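Have a look at the structure below, then the notes.
The values are calculated or read from the model by the stated rules, or taken from the named source; none is laboratory data. Owing to the predicted nature of the structure, the values given are computational and were not obtained by experimental measurement. Here the Cβ positions follow ideal geometry from the backbone for every residue, glycine too, while neighbour counts run over all protein chains shown. Accessible surface is based on the protein model in full, side chains and every heavy atom, while ligands, DNA and RNA are left aside. Shrake-Rupley method; radii C 1.70, N 1.55, O 1.52, S 1.80 Å.
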Amino acid sequence: MRILGIESSCDETAAAIVENGTIRSSIIATQHDVHERFGGVVPELASRRHLENIVPVIEGALADAQMTFADLDGIAVTYAPGLAGSLLVGLAAAKGIAFAQGLPLIGVNHLEGHLNAAALECDDIVAPYVGLVVSGGHTSLYLVHGFGDYQLLGATRDDAAGEAFDKVAKLLGLGYPGGPAIDRAAERGNPLAFRFTPPKFRDASPFDFSFSGIKTAVLLLHKKQAQTTTNDPGEQEAFVCDLAASFQEAVVRILVDKVIEAATAHGAKTVVLAGGVAANRQLRQRLADKAQAAGIRAVIPPMALCTDNAAMIAHVGMLRLARGETSPLTLGVTANQEIGL
């Protein structure tokens, strides 16, 4: 089965072809140059760039796989969640191809794509397992009983982890995207220089997340530092690196602790990491180490399958088509849609 996947939920225009679980091609056009000066994604600009990129990206995926539309068995496309304007570009392209070629259309939830991305590199993941999707728009923890059978254990109550990384990076003048920028600065800083208290919830939601308090604490520390009289560039750089390292340490600690606690509470012997923030080196290493110490298997996909990509969309589309599940050409986009509720 050969599936063309199309992904355009945020600021990456991506297309990929997956054949029976093997990635035959994967093309991603980023928009970092468009949004960098704004310190975050501007929805209108993202939509316009998707319009420019969508056709060349799809053509590139077909060329790399040495295929034509006639070789395909279906078109999978992200329809939710994400920026509505961005989603519309990918969905319109997918509908056009499906209609013109007489191929089935399979709408895929972006979160489900992330949650199943690791299966493209590791086909022996045994359910039930705990999966963490951590990105710029989502920080959600799931108990996965099998493909399509997800139970939401907890989610962020305010900022997603990736969003917090972007905002703190902008505050510290480290650039965009914030995750890699903070990761680089943290290498030169002391992660124990500042201590941030993890959030506590009064109600019974032990696996929920919150990062707004830590973000505010970073802001207050930065303001306090700005009021000092020091003009030493070296001292200022050291402060920024220490603050970045301490912030990253706090976020990673919260994420990893919740994953291991959830796996232990539900008797899961495997944990799976997914989403753009899963490319963070400290998060990957910390989860691997703590899972090993707890006797739990940690499945951490390669960097290319952590960030937004179309291979994960094609993979989920293939699995759904194999079960006879397709979408009508009247399928619309949904900006906010959780899974496992």
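Between the stretch 233-278 and the stretch 287-341, what's the alpha-carbon centroid distance in Å?
For the stretch 233-278 versus the stretch 287-341, the Cα centre distance is 21 Å.
Run the reach check for Lys258 against lysines, Cα to Cα strictly under 16 Å, same-chain hits fewer than 8 apart removed. What comes back?
Straight-line reach from Lys258, under 16 Å: Lys200, Lys269, Lys290.
Considering amide H positions built from the backbone, and no H for Pro or chain starts, which residues 5 or more places from Val272, or on another chain, come under 5 Å of its amide H?
The answer is Val130, Gly131, Leu132, Val299.
At R0 = 35 Å, how high is the FRET efficiency between Asp203 and Leu45 if r is their beta carbon distance? Nearest 0.05 is fine.
Numbers: r = 39 Å, r/R0 = 1.12.
My answer for the efficiency is 0.35.
Accessible area of the stretch 171-210 with a 1.4 Å probe: how many percent of it is carbon plus sulfur? Don't jump to the answer; show the numbers that get you there.
Details: 1270 of 2430 Å².
About 52 percent, which is the carbon plus sulfur part of the accessible surface.
I want to check the label-to-label distance for Asp124 and His145. Put each point 7 Å from Cα in the C-beta direction and report it in nm to one decimal.
Roughly 2.6 nm, to one decimal.
Give the calculated FRET efficiency between Thr216 and Ala100 to the nearest 0.05, with a Förster radius of 51 Å applied to their Cβ-Cβ distance. Mind showing how you got there, number by number?
Working: r = 51 Å, r/R0 = 1.00.
FRET efficiency, Thr216 to Ala100: 0.50.
Loop-only check: which trypsin sites (Lys or Arg not before Pro) in the stretch 199-246 are DSSP coil with at most 15 other Cβ within 10 angstrom? Spell out each step's value before the answer.
Numbers: sites: Lys200, Arg202, Lys215, Lys223, Lys224; in loops: Lys200, Arg202.
Listed in order of number, the matching sites are Lys200, Arg202.
Find the accessible area per residue for the stretch 216-296; the probe is 1.4 Å, ligands and nucleic acids are left out, and the unit is Å².
Details: 3670 Å² over 81 residues.
About 45 Å² of surface per residue is accessible.
Most fluctuating residue of Ser26, Ser327, Ser246 in a GNM of the chain with Cα springs under 10 Å: which is it?
Among Ser26, Ser327, Ser246, the largest GNM mean-square fluctuation belongs to Ser327.
Report in % the part of the accessible area of the stretch 37-168 that belongs to carbon and sulfur, leaving out ligands and nucleic acids; probe 1.4 Å. Numbers along the way, then the final one.
Numbers: 2600 of 4960 Å².
Ligands and nucleic acids excluded, carbon and sulfur reach 52 percent.
Is the shape of the stretch 243-316 best called rounded, prolate or oblate, per the rule: a/c under 1.5 gives rounded, else a/b larger than b/c gives prolate, else oblate, with a ≥ b ≥ c the square roots of the Cα gyration tensor eigenvalues?
Verdict is oblate for the stretch 243-316.
Place a point 7 Å from Cα of Ala294 in the direction of its Cβ. Which residues in the stretch 227-270 have their backbone N less than 15 Å from it?
Answer for the stretch 227-270: 252-270.
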